[in-house]
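Comments concern the structure below.
The values are calculated or read from the model by the stated rules, or taken from the named source; none is laboratory data. Bear in mind the structure is a predicted one, so any value in this text is a computation, not a measurement. Cβ atoms come from the backbone with ideal geometry, glycine included; neighbour counts cover every protein chain shown.
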Amino acid sequence: MALAKATGFVIRAFDYQESSRIVTLLSSRLGKISLLAKGARKIESQFGATLDLLNLIEVVFYEGKGLKLLKEATLIEGYPGLKRDYDRLEAALQAARVLNLLLREGQGEGRAFRLFREFLQELASAREGLRLGPLRLGFKLKLIDYLGFGPELEACASCGRPLARDEPLWLSHQAGGLVCADCRAARVQAQGRAQTEIGLREVAPPLAQAWRASLRFPLGRLSRLSLPDELIKVGEGLLDEFIAYHLQPI
Ligand SMILES: [Zn+2]
């Protein structure tokens, strides 16, 4: 079996058989990879705490047909400060779960890796009053944009007409983004059902602006934008719904 190397974040880890663990990494070069760490739960295991969630590690592994077998793991960054803060830890673990859900084995180009690294660095920064909501929202929006199913925010996702900053808008899961009032009416009529059933959600113009800003600005600037908490909360909830819709098996 050939040996290979990778650098990545531990985004998932679970017990396997009697004494082993399976560890999933988001790596910089190979995307999402899962590795079998034999004997990782034994007290005398060479891996120790190196395979803990969110750690950035370098691994050497055997490439096989089935599961890749972990040979060595070295800790590069463990983010101890982040892990001591409950809210920041929760945000980081949630992002790791989203990554694991959205990426298939072998998928996840360098951009997803760099985005997650930036996200963890922001969470680990000692900055006072760091607002987590805008960071979480920005992370998710950028991630699904990279993966090719981010919501269309600039033009109507149904008729393609450029959207004005202050017009009433709806998020259509099915159309894949914001839709104008005409298209929303046409959709409701065509389906003959309540708009909530067909995944149409009203979006206030300031929320559409908040989404656009979250996509445009780097993560490091998002917590400093003057976006009200309530708006961020609603925006994140709608985005989670949108992601869940697109994750449904076809
Ligand atoms: Zn339209």
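For the condition touching a residue at least 40 places away in the same chain (Cβ under 8 Å), surrounded by fewer than 12 Cβ atoms within 10 Å (Cβ to Cβ), in the same structural domain as Arg21 (by TED's automatic domain parsing) and closer than 28 Å to Ile243 by Cα, what is the one hit in Arg88, Arg104?
Arg104
Would you check which residues across the range 20-39 are free of Cβ contacts under 8 Å to residues at least 24 places away in the same chain and buried (at least 17 other Cβ atoms within 10 Å of the Cβ) and list them?
Ser20
So is Glu197 surrounded by fewer than 16 Cβ atoms within 10 Å (Cβ to Cβ) and modelled with pLDDT of 90 or more or not?
No.
If you take the residues in the range 162-175 that are surrounded by 13 or more Cβ atoms within 10 Å (Cβ to Cβ) and in contact with a strand residue (DSSP E or B) (Cβ under 7 Å, 6 or more places away or on another chain), which one is farthest from His246 (Cα to Cα)?
Among those that are surrounded by 13 or more Cβ atoms within 10 Å (Cβ to Cβ) and in contact with a strand residue (DSSP E or B) (Cβ under 7 Å, 6 or more places away or on another chain), it is Leu163.
Only one of these conditions is not met by Arg184: (1) at pLDDT 95 or above; (2) near the ligand (Cβ under 10 Å from one of its atoms). Which number is it?
(1)
Mind checking whether some residue in the range 206-218 is surrounded by 18 or more Cβ atoms within 10 Å (Cβ to Cβ) and hydroxyl-bearing (Ser, Thr, Tyr)?
For the range 206-218, residues surrounded by 18 or more Cβ atoms within 10 Å (Cβ to Cβ) and hydroxyl-bearing (Ser, Thr, Tyr): present.
Hey, can you tell me all the residues within the range 142-155 that are among the hydrophobic types (A, V, I, L, M, F, W, C) and either surrounded by fewer than 21 Cβ atoms within 10 Å (Cβ to Cβ) or more than 30 Å from Asn100 (Cα to Cα) (or both)?
Those that are among the hydrophobic types (A, V, I, L, M, F, W, C) and either surrounded by fewer than 21 Cβ atoms within 10 Å (Cβ to Cβ) or more than 30 Å from Asn100 (Cα to Cα) (or both): Ile144, Leu147, Phe149, Ala155.
Report whether or not Ala37 is in contact with a Phe, Trp or Tyr (Cβ under 8 Å, 6 or more places away or on another chain) and aliphatic (A, V, I, L, M).
Judged against the criteria, Ala37 is a match.
Here are some conditions: (1) exposed (fewer than 14 other Cβ atoms within 10 Å of the Cβ); (2) assigned to a loop (DSSP other than H, G, I, E, B); (3) touching a strand residue (DSSP E or B) at 6+ places or on another chain (Cβ under 6 Å). Thr50 meets all but one. Which one does it not meet?
Tallying (1) exposed (fewer than 14 other Cβ atoms within 10 Å of the Cβ); (2) assigned to a loop (DSSP other than H, G, I, E, B); (3) touching a strand residue (DSSP E or B) at 6+ places or on another chain (Cβ under 6 Å), Thr50 fails exactly one: (1).
Name the residues in the range 33-60 that are modelled with pLDDT of 95 or more and either aromatic (Phe, Trp, Tyr) or in contact with a helix residue (DSSP H, G or I) (Cβ under 8 Å, 6 or more places away or on another chain) (or both), would you?
Leu53, Leu54, Leu56 - these are the residues of the range 33-60 that are modelled with pLDDT of 95 or more and either aromatic (Phe, Trp, Tyr) or in contact with a helix residue (DSSP H, G or I) (Cβ under 8 Å, 6 or more places away or on another chain) (or both).
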